[in-house]
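Peer 1: Handing you this structure, nothing more for now.
Laboratory data are not the source of any read-out in this text; all were calculated from the coordinates shown. Owing to the predicted nature of the structure, the values given are computational and were not obtained by experimental measurement. Cβ placement follows ideal geometry from the backbone for every residue including glycine, while neighbour counts extend to all protein chains displayed.
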């Protein structure tokens, strides 16, 4: 029986854990990234590697000490360095004396045979192809339900009457979904989650700001890497809409691309017509679309030294001026502190509120 682990990226580990267990593997659950995780990654990673690289390396070192023998992760295509990271992680682990195996999935639409072989490699329970497909469907169902719960938390948190209630309910819904194993149980857990969120006392008349989050996928999805920015903004009275969820990213990489991806690409075309790797083009396109939807502002989250996001950062000032939407950028590394981030967020949110008030005053004056 393989002892597998995988990246800790938001709540996705809950769905991956069930899938790997259903296929007959023992899961060495990746711990939520902590200072210890990052310190381990920094110690053994190349100096200019990005934050996700260091966190993942630290995660694999921690799980290797817990008995992990197989890493399950994804590759990448294009100029972004992320496509090489899994193999570099394996090489470093081997140099340190950990004899781990690597199962790195590439995009199935480009490498269907390779994808099938790697699925079978993880099929420790010797399931039939139909049983594997059913297990994947259950995992997908759970992942969609987890994303739904997170979206509800983003909407309700800035309107809650008692600070912290939404975060408590969100953690509770994750536990319920973690325990669900069948489609029926997942549906019931999701329904209970919706009910729990709707029961949170809220102020429906509270004026909240709407801010879009754009940037690199890992620092967008993993709260430990972005210092819980979504929760922090929610407590400041800001409703967050994140440009990327794992379900959406998966759909875009399994097929020809969703309508949303096509719209984002078209929106970015006047400013960045080429794919530069990573999510740089998505960052530009989503910023344009958020401006068209009258969002109050946009925040870009990027790992320090991430070339696609650095390119996007150089273009965003022009997009901000043309579309009249304020943009704030955070480049994140092991030196980033939460206190400094909160100070910058408070100033940005204050700016957005003043801008919104001035817009209303100008509109009122024009009508009088």
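Peer 1: Counting only DSSP beta bridges with both residues in the chain, tell me the antiparallel percent, nearest 5.
Peer 2: Around 5 percent antiparallel, to the nearest 5.
Peer 1: Report, in degrees rounded to the nearest 10, the 0 to 90 angle that the Cα long axis of helix 51-65 makes with the longest principal axis of the chain.
Peer 2: On a 0 to 90 degree scale, this one is about 30.
Peer 1: Test of understanding: ordering 101, 296 by Cβ neighbours within 10 Å, fewest first, what list do you get?
Peer 2: Ranked by crowding around the Cβ, least crowded first: 101, 296.
Peer 1: If you don't mind, there's one more thing I want to ask. Taking only DSSP H segments of four or more residues, each worth -39500 (n - 2.57), what value at 222 nm results for the chain once the sum is divided by all its residues, to the nearest 500 deg cm²/dmol?
Peer 2: Mean residue ellipticity at 222 nm (helix-derived): -18500 deg cm²/dmol.
Peer 1: Sort the range 208-367 into rounded, prolate or oblate with this rule: let a ≥ b ≥ c be the square roots of the eigenvalues of the Cα gyration tensor; rounded if a/c is under 1.5, and if a/c is not under 1.5, prolate when a/b is larger than b/c, oblate otherwise. It would help to have the intermediate numbers written out before the result.
Peer 2: On the way: a/c = 1.74, a/b = 1.21, b/c = 1.44.
Judged from the Cα gyration tensor, the range 208-367 comes out oblate (a/c at least 1.5, b/c at or above a/b).
Peer 1: I would also like to ask the following. If you take the beta carbon distance between residue 87 and residue 314 as r and set R0 to 41 Å, what does 1/(1 + (r/R0)^6) give as a FRET efficiency, to the nearest 0.05? The partial results should precede the final answer.
Peer 2: Working: r = 30 Å, r/R0 = 0.73.
With a Förster radius of 41 Å, E is 0.85.
Peer 1: Taking other Cβ within 10 Å of each residue's Cβ, how do 263, 153, 368 sort, fewest first?
Peer 2: Arranged by neighbour count, lowest to highest, 263, 153, 368 become 368, 263, 153.
Peer 1: Counting C-alpha atoms alone, how compact is the range 1-45: give Rg to one decimal and Dmax as a whole number, in angstrom.
Peer 2: 12.2, 35
Peer 1: On to the next question. As I understand it, the value is the acute angle between the Cα axis of helix 183-198 and the longest principal axis of the Cα atoms of the chain; what does it come to in degrees, rounded to 10?
Peer 2: The two axes meet at around 30 degrees.
Peer 1: Which value in nm describes the separation of the simple spin-label points at residue 342 and residue 361, placed 7 Å from the Cα toward the beta carbon?
Peer 2: Calculated label separation equals 3.0 nm.
Peer 1: Can I ask one more? Kindly express, to the nearest 10 degrees and within the range 0 to 90, the angle between helix 12-22's C-alpha long axis and the longest C-alpha principal axis of the chain.
Peer 2: Rounded to the nearest ten degrees, it is 20.
Peer 1: When all alpha-carbon pairs of the range 3-127 are counted, what percent fall beyond 26 Å?
Peer 2: Values: 1365 of 7750 pairs.
I get 18 percent for the Cα pairs in the range 3-127 exceeding 26 Å.
Peer 1: Let me ask something else about it. Taking the alpha-carbon set of the range 133-205, what are its Rg and Dmax in Å?
Peer 2: 13.0, 46
Peer 1: Select from 91, 145, 302 the residue whose mean-square fluctuation is largest in a Gaussian network model of the chain (Cα-Cα springs shorter than 10 Å).
Peer 2: With Cα springs under 10 Å in the chain, the top fluctuation among 91, 145, 302 is at 91.
Peer 1: Also, quick follow-up: Take the alpha-carbon centre of the range 163-190, take the same for the range 39-66, and report the distance between them in whole Å.
Peer 2: If you average the Cα positions of each part, the centres end up 30 Å apart.
Peer 1: P(r) for the chain, please, calculated from all Cα pair distances in 20 Å bins and given in %.
Peer 2: 27, 59, 13, 1
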